[in-house]
1. Quick check on this structure: which one of L160, L188 is over 20 Å from K14 (Cβ atoms) and of a type outside the set (G, A, S)?
2. Of the residues that sit in segment 165-201 and are surrounded by fewer than 18 Cβ atoms within 10 Å (Cβ to Cβ) and touching a residue at least 60 places away in the same chain (Cβ under 8 Å), which one is nearest to N56 (Cα to Cα)?
3. Within segment 147-164, how many residues are in contact (Cβ under 8 Å) with a residue 40 or more places away in the chain and either hydrophobic (A, V, I, L, M, F, W, C) or more than 17 Å from R19 (Cα to Cα) (or both)?
4. Select from segment 202-216 the residues that are touching a helix residue (DSSP H, G or I) at 6+ places or on another chain (Cβ under 8 Å) and of a type in the set (D, E) and write down the one among them that is surrounded by the fewest Cβ atoms within 10 Å (Cβ to Cβ).
5. Against the definition (within 27 Å of L132 (Cα to Cα) and modelled with pLDDT under 95), how does L99 come out, yes or no?
6. Residues that are more than 18 Å from E215 (Cα to Cα) and in contact with a strand residue (DSSP E or B) (Cβ under 8 Å, 6 or more places away or on another chain): does segment 127-136 have at least one?
7. Kindly evaluate I151 against the criterion of being closer than 28 Å to S104 by Cβ, surrounded by fewer than 24 Cβ atoms within 10 Å (Cβ to Cβ) and not charged (D, E, K, R).
8. Filter segment 102-124 down to residues that are surrounded by fewer than 21 Cβ atoms within 10 Å (Cβ to Cβ) and touching a strand residue (DSSP E or B) at 6+ places or on another chain (Cβ under 9 Å) and give me whichever is nearest to R203 (Cα to Cα).
Amino acid sequence: MTDSVLVDNDIAVKTCAYRSAQALIDILDALRTNASMLRVSKFAVSRRIQRAKDVNHPDSLKQEWEKLNPRILEIEPTPQEIDFAAKLEEMAIERSLDLDSGESQLLAILHHRGASLMITGDKRALRAIGELNLALPPRSIACLEQVIYTILSLVGLADLRQKVCQEPKIDKSIAMCFSCSSQNAPPLESVIQGLRSYTDAIRAWVSDILCPEYEITVAL
């Protein structure tokens, strides 16, 4: 499974909400790799998108998911991986950290199968990874901000800002980076600095486990 990128629910939903499913597909194609999600997570994302009430453009969200969904393989954790994930969750509970079953199972798969990368938008899980000092391969995780940074390099500021700011409630950090509360578009350098700042904050939690570059296509 070394040629697969593990994708969590947040990444799937937010890239689709930002009408960037094709950009994510292009990133995967550039990496010459496949995307994989837990079978139960794909089902959960489909249900969440069908019932979406917290987005301004639910029809666009559904259309984007219809585009991305076929490109994501379904995977199931092995009994060994389920046991490992359960131990991670127990460790997290003992330290009052938030680590849900979906993230813990992806981490277990990353640990046991050696997937090339796990992309997550769950900052609570990223903090838990750092606090638990998990023995994961270097450069094996990327965050939402790195995904958005890479998409920005593909489609440009004007296009991506329009999409992000049409759904400002999807992710407050990303909306802030693109100055969605302002009618005036920020300079590109400001957006880049914002995305880099959030990425650096996450890097402080997980150290060399996070991809070293801000742009995912460069990091691997």
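1. Being over 20 Å from K14 (Cβ atoms) and of a type outside the set (G, A, S) holds for just one of L160, L188, which is L188.
2. Once the filter is applied, the top-ranked residue is Q166.
3. Within segment 147-164, residues that are in contact (Cβ under 8 Å) with a residue 40 or more places away in the chain and either hydrophobic (A, V, I, L, M, F, W, C) or more than 17 Å from R19 (Cα to Cα) (or both) number 8.
4. E213
5. yes
6. yes
7. No: the conditions fail for I151.
8. Of everything passing the filter in segment 102-124, K123 is nearest to R203 (Cα to Cα).
The values are calculated or read from the model by the stated rules, or taken from the named source; none is laboratory data. Quick caveat, the model's predicted, so the values are computed rather than measured. For neighbour counting, all protein chains shown are included, and Cβ atoms are generated from backbone atoms with ideal geometry for every residue, glycine included.
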